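Scroll down for the structure; my scribbles are underneath it.
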Amino acid sequence: MNISATIIAATIATIALASSVFSADRPAVAVAVEGKSDWRIELASKDIPVVQWAAKELQTSLRRMSRRELPIGDFKPARPAPAIVLGLRKDFSVEDRSILPRVPRGFDGYAIAVLPGREQSLSRILLAGENDRGAIYAAYDLLERFGCRWFYPTQDENDPEVVPKQSTLSIASGSWAVASPFKYRICNPSSWIYEMDYPAAAKQLDWAMKNRYNCMAWGPVSNASMQSQYRQLKEHGLLAELSKRAMLLYGPGHCFDQLLKADDYMAEHPQWFGMRDGKRVPQTFFGAQFCWSNPQARKQFAENAAVFLDACPEISILSLMPFDGGKSCDCPECNKAGASNLLMLLLGETIDRIEKKYPQVVVETLGGYGNVSAPPTNAKIHPRQRVVWAHWGRYHGTPYDDERYAERKNLELWHKAASGGLTAGQYYGDNFCQPWIMPPFAMAIEGDRRYLIEKKIDSVFVLMWPPGYWWNHGLNGYLAGRCFFDPSLDPYREIHDYARHYFGPAAGPALAAYYEQWARQIDLAYRVRGGASEADVAMLAAQRAKWLQPAMTAAKDDAPYAYRLSKVKQLHAIAERMAESSRQNEEIDRLRKEGKIEEAKKCLDRLRTTTEHILQLAHANADLNQGLIDKQTFDAFVAPGLKSRIEERAKALAKKDEK
Ligand SMILES: [Zn+2]
């Protein structure tokens with residue numbers, strides 16, 4: 001280590017000490033000893049349902065760990081007993097507030113103090129939220145110190161949450177405080193998009209809150225009424241689950257086709273609709289966005305948005321985005337004004353229409369994406385207008401803070417335009433445009449976070465899609481939630497923490513090394529989709545031999561570790577065959593160019609066999625219903641792609657034969 005590195009390390013150590021006075025040589029506080037506990041949970045804040053709910057969460061997990069149920073209450077008159085005291089910071093006594101560390105500037109923060117008493121009965125743990133969400137996060141933080149982790153939603157009953165059974169629960173004394181630099185941490189998981197899976201959606205919501213998201217994004221289907229779908233959210237209890245946790249609701253997202261329906265208006269007002277190939281067309285994939293330069297159309301749109309909000313009052317962030325995949329209207333006025341300028345105009349008028357009645361509702365639209373990729377140039381932008389900026393198909397090997405990141409200028413211009421603030425739309429959990437076998441996107445999470453904090457971008461939106469991949473991309477959803485809440489977390493270190501807790505002490509170190517290699521050598525995952533070399537195939541084989549097989553042997557009799565490892569093994573097997581198929585494609589092309597047609601044909605036969613294996617494996621994995629592969633999108637998009645690669649090569653070889 002050179003001198004400057006030493007100074008940096010010392011500085012980091014000092015910062016770490018300042019934010020967390022937490023040391024192993026300080027006296028420990030034991031909440032339970034060998035299954036016995038006289039601790040209780042006291043509520044510092046009275047009559048706040050979210051705090052009461054947080055206390056129950058704490059009680060439930062402590063019971064699952066130690067089999068002791070700690071009573072909850074305010075216990076007056078006081079009998080001396082050790083207590084976990086939970087509530088809003090403002091409701092703690094002056095003396096307690098002076099003990100609690102100051103919370104960094106930010107959102108949904110909390111402070112914790114673990115205070116050993118002169119005698120056991122005087123020991124206390126203070127959990128103080130800056131707001132109600134902060135109080136819940138403080139409870140989860142304490143549980144995490146006892147070993148709890150919530151890596152995945154509980155969608156697989158064979159794969160429970162990490163809640164270690166231990167008769168003694170002990171924690172070193174100290175104090176620390178955390179707050180997020182991001183005001184909105186929006187989770188958009190697969191069961192909240194299009195066809196809702198309500199039981200899974202409830203599990204994803206619970207998981208999101210545990211991992212420090214504070215908002216759930218809902219995206220209804222476009223072929224049914226949005227209002228009726230909202231009522232379904234309510235009837236299935238999801239709105240109540242949000243409210244228990246003080247979580248926000250974001251939606252409906254891509255909805256312009258719903259807010260100005262062709263069925264309702266097109267016969268009478270064809271000119272409200274978009275032009276394509278000289279004709280006015282409805283808002284469908286082969287149609288166009290409506291005519292944003294038409295003032296009457298915009299007025300009706302704003303009116304309908306207001307009616308929608310009346311029917312869906314629990315929406316906190318009204319997200320109004322053009323329907324997905326639609327071209328802009330091609331009329332002369334729209335072309336002249338530019339789509340992004342008109343979008344800002346349309347949204348500004350919509351905000352004007354609703355803000356008197358709903359001053360608290362935040363309004364967001366889309367930028368940097370699809371037909372509104374180009375930043376606005378001359379639009380008058382409403383001061384409250386927010387934009388979610390989304391770079392679809394982004395490569396995660398160049399974070400926003402990397403000089404080589406090509407869309408930085410676009411991001412900066414949209415940030416400047418978004419007067420009400422910008423949300424960074426992140427594809428860390430998207431297997432549709434991202435690798436099918438997903439690596440941890442630690443590199444992007446780290447560099448993106450650095451950039452967003454520096455630029456004072458105050459919100460992130462994490463998409464997780466499609467539904468059948470929920471486990472495959474769940475780790476990235478977890479890492480993003482945690483790392484965008486707590487800026488001190490190192491995502492690579494979190495990968496090690498994950499491996500240790502999720503796969504157990506025997507297999508953990510090997511899995512940590514495995515995932516760290518995927519995270520650092522980020523191109524491997526992209527090349528598994530296409531362009532893999534012989535070296536990639538060899539690397540995957542080496543990973544299997546060096547880390548996966550020994551880990552499986554070490555944990556083979558140890559449920560649920562063995563079960564969890566089987567998921568990794570299944571995905572790895574597909575990755576190996578996909579890389580091999582990709583390499584074979586390259587080999588065929590090379591042989592063909594060299595004129596070795598017979599050899600190329602033999603290789604083509606091998607490619608057919610490899611592809612068959614991939615399809616069989618993918619279907620078998622999808623049928624396990626463990627969140628590894630999404631059968632529907634695999635069959636609709638991945639399989640045809642693999643097959644067409646074969647057909648292209650078969651044709652090219654046949655042509656050579658003719659010559
Ligand atoms: Zn137009």
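Tabulated data for the structure shown
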item: Förster radius 35 Å - calculated FRET efficiency between K336 and Q616 (Cβ-Cβ, nearest 0.05); result: 0.05
item: Value of relative contact order over the chain, rounded to a whole percent, pairs C-alpha under 8 Å and six or more apart; result: 10 percent
item: Label point distance in nm, Q360-D47, each placed 7 Å from Cα along Cα→Cβ; result: 1.8 nm
item: Size of electric dipole in the chain: Cβ of Lys, Arg +1 and of Asp, Glu -1, about Cα centre, debye, nearest 20; result: 600 debye
item: All-pairs Cα distance distribution in the chain, expressed in whole percent, bin size 20 Å; result: 17, 46, 31, 6, 0
item: F107 long-range amide H proximity, modeled H, under 5 Å; result: S180, F182
item: Total charge dipole magnitude, the stretch 199-296, about the Cα centre, Cβ charges on Lys, Arg, Asp, Glu only, Debye to nearest 20; result: 420 debye
item: Packing-based exposure ordering (other Cβ within 10 Å, fewest first) of C433, C215; result: C433, C215
item: Beta bridges per DSSP with both ends in the chain, % antiparallel, nearest 5; result: 35 percent
item: Backbone N within the stretch 51-76 under 14 Å of label point (7 Å from K165 Cα along the Cβ vector); result: 63-68
item: Unit Cα scatterers, Debye sum, the stretch 356-445: log10 I(q)/I(0) for q = 0.22 Å⁻¹; result: -1.10
item: Dipole of the chain, positive direction: furthest Cα of N158, A480, H254, with charges on the beta-carbon; result: A480
item: Reachable lysines, given that their alpha-carbon falls under 22 Å from the alpha-carbon of K593 and they are not under 8 places away in the same chain; result: K601, K602, K643, K651, K655, K656, K659
item: Gap separating the Cα centres of the stretch 449-489 and the stretch 229-282, nearest whole Å; result: 26 Å
item: Centroid-to-centroid separation of the stretch 84-130 and the stretch 589-659 [C-alpha atoms, Å]; result: 60 Å
item: Alpha-carbon centroids, the stretch 283-322 and the stretch 157-206: separation in whole Å; result: 33 Å
item: Residue-count net charge about Q271 - beta-carbon cut-off 11 Å; Lys, Arg +1, Asp, Glu -1; result: -1
item: For the chain, with +1 on Lys and Arg beta carbons and -1 on Asp and Glu, the positive-most of G429, F301, S644 along the dipole; result: G429
item: Extension gain from R500 to F286, taking 0.36 nm per residue of separation minus the Cα-Cα distance; result: 72.1 nm
item: Calculated FRET efficiency for the pair V33/E407, C-beta based, R₀ 56 Å, to 0.05; result: 0.50
item: Extension gain from N378 to D635, taking 0.36 nm per residue of separation minus the Cα-Cα distance; result: 88.1 nm
item: Average Cα contact separation per residue, the stretch 184-489, under 8 Å, 6 or more apart, as relative contact order %; result: 17 percent
item: Selected from C331, P189, L88, residue furthest toward positive end of dipole (the chain; charges at beta carbon); result: L88
item: D (Stokes-Einstein, µm²/s), Kirkwood Cα radius, the stretch 22-179, 0.890 mPa s at 25 °C; result: 155 µm²/s
item: Debye log10 I(q)/I(0) at q = 0.06, 0.08, 0.09, 0.15 Å⁻¹ for the stretch 184-489, Cα point scatterers; result: -0.18, -0.33, -0.42, -1.23
item: Estimated inter-spin distance, R590 and D277, nm [label 7 Å along Cα→Cβ]; result: 4.4 nm
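Bear in mind these aren't lab numbers, they're just calculated from the coordinates by the rules spelled out. Just so it is clear, the model here is predicted, and its values are computed rather than measured. Ideal geometry is used to build each Cβ from the backbone, glycine not excepted, and the neighbour counts take in all protein chains shown.
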